[in-house]
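Scroll down for the structure; my scribbles are underneath it.
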Amino acid sequence: MNEQPIELRYDVRPEDREAVRRLVQSTGVFSPVEIDVAVELVDERLAKGLESGYHFVFAHQGDGTVGYTCYGPIPLTVASFDLYWIAVDKALHGRKIGRALLEKSESLIREIGGRQVYIETSNRDQYAATRGFYLRCGYRQAALFKDFYAPGDDKVIYVKEL
């Protein structure tokens, strides 16, 4: 059976609200509040356009959205960007969709003058695969803040020079 190719899209549409909600929920690691925040970034982009500071890359396969990233410039910096979200449908993990999304996001960041990308995540066990993914994609751990999110839930920051 031949899989349909992955196509990337950069515009944000109203239907992306539910696609983002579904994708982030499918990972099984985010709380309802965190999922709402992911959707709020779509709302900000829809309301304010590029002035929102949020940029998106959506991965499509057939008629469905199978992954996305959201990134933006870090205020008060010259060329630093945050990767706010990267999510791929859990049923499709391991098919290099996340890597394709991340590489395209990095390329787009480079095109607009970005020199480094920062990613923050939790140090909880359920994020071990995510942290490994960032390391395999050339990020290095830059900081660890003990008990940042909650007791026993450290914040880990990764960085990659572009």
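Longer than 26 Å from Cα to Cα, which of 90/155; 48/104; 96/146; 104/160 are they? Say none if no pair is.
On the way: 90/155 23 Å; 48/104 23 Å; 96/146 31 Å; 104/160 14 Å.
Cα-Cα > 26 Å for 96/146; rest within.
Full extension from residue 74 to residue 36: what is 0.36 nm times the residue separation minus their Cα-Cα distance, to one decimal in nm? Walk me through the numbers on the way to the answer.
Values: separation 38, 0.36 × 38 = 13.68 nm, distance 2.12 nm.
Length gained between residue 74 and residue 36: 11.6 nm.
Using per-residue counts of other Cβ atoms within 10 Å, averaged over each peptide, order 93-105, 60-72 from highest down. If you can, show how the numbers build up before the last one.
On the way: 93-105: 16.9, 60-72: 19.2.
Ranking the peptides 93-105, 60-72 by packing returns 60-72, 93-105.
Quick check on the chain: what does the Kirkwood estimate of hydrodynamic radius come out to from the alpha carbon pairs, in Å? Before the final figure, lay out each step's value.
Working: mean 1/r = 0.0616 Å⁻¹.
Answer for the chain: a Kirkwood hydrodynamic radius of 16.2 Å.
What percent do you get for the relative contact order of the chain when only Cα pairs under 8 Å and 6+ apart count?
Details: 263 pairs, mean separation 28.5, N = 162.
Computed value for the chain: 18 percent relative contact order.
Going by how many other Cβ atoms sit within 10 Å of their own, how do 107, 26 line up, fewest first? Spell out each step's value before the answer.
On the way: 107 12, 26 18.
So the residues, fewest neighbours to most, are 107, 26.
Let me have the 222 nm mean residue ellipticity of the chain computed from DSSP H runs of 4+ only, each contributing -39500 (n - 2.57), with the sum over all residues rounded to the nearest 500. Intermediate results must be reported in sequence, preceding the final value.
Details: 4 runs with 52 residues, N = 162.
It lands at -10000 deg cm²/dmol.
Scan around residue 82 for amide H atoms under 5 Å from its own, H built in the peptide plane at 1.01 Å from N, and keep only partners 5 or more places away or cross-chain.
72, 74, 118
The numbers here are math on the coordinates, done by the rules we state, and not lab data. Small disclaimer: the values here were computed from a predicted structure and weren't measured. In this analysis, Cβ positions are derived from the backbone assuming ideal geometry, glycine residues included, and neighbour counts consider all displayed protein chains.
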